[in-house]
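None of the figures in this text is laboratory data; all of them are computed from the coordinates on show. The model shown is predicted, which means the values in this text are computed figures rather than measured ones. A quick note on method: Cβ atoms are made from the backbone with ideal geometry, for glycine too, and the neighbour counts reach across all protein chains shown.
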Amino acid sequence: MTVRTGRCHCEKVKYQMTGEPIAVSNCYCRTCRKVTGGPYFSIAMMLTTQFKLTEGSPSSYKTSAPGMRYFCGNCGANTHDTFELNGTSMTVVTLATLDDGHGLKPSYSMMVKYKPEWLEITDGLPQFEEFPPM
Ligand SMILES: [Zn+2]
Ligand SMILES: [Zn+2]
């Protein structure tokens with residue numbers, strides 16, 4: 001089983017993910033844009049059972065009814081999110097915090113109706129106005 005590791009910028013928070021993610025995508029939603037300060041967020045979604053914190057204890061806050069966002073309280077890097085999908089706990093890690101060589105890349109873009117007006121998406125990936133059909 002593939003094990004990938006990740007860490008925040010200051011390396012106080014470290015995690016690992018086991019197995020392949022369910023989806024890897026770029027998200028243009030308002031929350032993702034606000035928390036990164038960037039035009040979109042590249043993320044990998046998996047079952048929470050595939051995810052494990054291995055070092056440090058990230059800070060967190062509630063982003064929506066079932067969602068929590070976790071970030072390093074020292075350097076501010078967003079490491080992961082958790083939320084419920086049809087009663088199952090899911091975890092999303094930010095691709096940027098995975099260690100180099102992880103080999104994952106987004107296969108679609110979602111929430112593109114919220115993209116910044118100035119941004120032209122030219123990556124050729126399939127686009128969904130909101131969530132893709134699951
Ligand atoms: Zn940190
Ligand atoms: Zn988003």
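Some observations on this one:
- Only Lys, Arg, Asp and Glu carry charge here, each on its Cβ (+1 for the first two, -1 for the last two); on that basis the chain has a dipole of about 340 debye about its Cα centre.
- Percent antiparallel among DSSP beta bridges (both partners in segment 9-116, rounded to 5): 90 percent
- Contact order relative to length of the chain, as percent, for alpha carbon pairs under 8 angstrom and 6 or more apart: 27 percent
- Cα shape, segment 3-114, gyration tensor, a/c 1.5 rule: rounded
- Taking the charge dipole of the chain about its Cα centre, with +1 at Lys and Arg Cβ atoms and -1 at Asp and Glu Cβ atoms, the residue from Asn74, Tyr40, Ala23 reaching farthest to the positive side is Asn74.
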